[in-house]
Amino acid sequence: MWRINMDFKRKDRSLVWAHRGASGYAPENTLEAFKLAVEMGADGVELDVQLTKDNQIVVIHDEWIDRTSNGKGWVKDMTLEELRKYNYNKTHPEYEHADIPTLREVYELLKPTGLTVNVELKTGVVFYDDLERKVIELTKEMGMEDRVLYSSFNHYTCVKIHELMPEAYVGFLYSDGAIDIAQYAKKHGANALHPALYNLQFPNYMKDAAQNGLDVNVWTVNEPEHLVMASRMKVNALITNYPDRALQIAQTYI
Ligand code: G3P
Ligand code: MG
C-alpha cells in the first residue's frame, strides 16, 4: 500500500520550503529560483499553477502576466507559445532573462534532487477545466507521487484532489482568522493547515491542529524573528522566500 512520504513530515526540525522558489533572490516561480532553492539546501519548494489556453500547466502566481513579466494579459487567454514570448524576470531584473516554466519542466528539474514539491492550485479566480486531474496525471506520469503535496485556497479543489487521489497529502490554505479551522479542515479530509503567518497568534493554534491530526505548514515566513517564533512553535514547514536564512534558523531553534 502506498503511504504518505515522511519527507512531508517534520523530524528533528521544521522543514524549509522555498516559496515560489528562492524568490527572495531570483525571479519568482522560474527555473532559476527553483535551482537556487536546491543549491541552498531547501527541503522543498512551493509553486503556483495556472492553465494556458492550450491546456498546458504553467507555473506562475497571478492569473495574468503583467506583474512578473514584460507582457500583459491573462494566462487563460494565451497559448504556451504566446506566453513564452515574454521575459519573466520582472521581480528580479538583475537576471537578464527568465522563462515561464511548465509544471513538467519544474518536475524534471527537481526529480533528481529529492526535494518535495508543494503544488498550489490557483483555482480561486479562474475555474480552470479539470486542473486538479491534469496536475495529478502529470505527477503520476513523472512517478513523483511520493514527492508532491497539494494545496489551494479553494477548498473544493482540495477535496477534489482527495477524490481523485485518496492517498495525496493536501493542505488547506487560508489567510484571515477562520473559526474552528482545524475542525473544518479535518472534516473535509485535510492533512495540513497552510495558514498565513499571523494566524499562529491565535491561542492554542498548534494544539488545535495537532488534536485534529493536522500538520501546520506556514507562509510566508521571511523575517528572522518570525522564523525563530515559528520554529520554536514546531511548525511542520516554513514556507519562505529565503530558504538559506530559514534553514539556519530552523537548525538552531529546534
Ligand atoms: O502556498 C503558500 C502561499 O504561496 C500562498 O499564498 O499568494 O503566495 O500563493 P500566495
Ligand atoms: Mg503560492
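The values are calculated or read from the model by the stated rules, or taken from the named source; none is laboratory data. This one's a predicted model, so the numbers in the text were calculated from it and none came from an experiment. Cβ placement follows ideal geometry from the backbone for every residue including glycine, while neighbour counts extend to all protein chains displayed.
Which of (1) more than 22 Å from Gly171 (Cβ to Cβ); (2) within 16 Å of ligand 1 (Cβ to nearest atom); (3) charged (D, E, K, R); (4) touching a Ser or Thr at 6+ places or on another chain (Cβ under 6 Å) does Asp54 not meet, given it meets every other one?
(2)
Out of Asp215, Asp208, Asp180, Asp244, which single residue is within 16 Å of ligand 1 (Cβ to nearest atom), surrounded by fewer than 24 Cβ atoms within 10 Å (Cβ to Cβ) and among the acidic types (Asp, Glu)?
Testing whether each residue is within 16 Å of ligand 1 (Cβ to nearest atom), surrounded by fewer than 24 Cβ atoms within 10 Å (Cβ to Cβ) and among the acidic types (Asp, Glu) leaves just Asp215.
Would you please name the residue that is surrounded by the fewest Cβ atoms within 10 Å (Cβ to Cβ), looking only at residues in the stretch 1-60 that are part of a helix (DSSP H, G or I) and modelled with pLDDT under 95?
Of everything passing the filter in the stretch 1-60, Met6 is surrounded by the fewest Cβ atoms within 10 Å (Cβ to Cβ).
Quick check on Tyr174: is it under 20 Å from Asn212 (Cα atoms), among the aromatic types (Phe, Trp, Tyr) and in contact (Cβ under 8 Å) with a residue 24 or more places away in the chain?
Answer is yes for this residue.
Right, Gly71: in a loop (DSSP other than H, G, I, E, B) and within 16 Å of ligand 2 (Cβ to nearest atom) or not?
In short, no.
Just to be sure I understand, how many residues within the stretch 81-131 are under 23 Å from Lys9 (Cα atoms) and either crowded, with 20+ Cβ neighbours inside 10 Å or within 16 Å of ligand 2 (Cβ to nearest atom) (or both)?
Residues meeting the conditions: 10.
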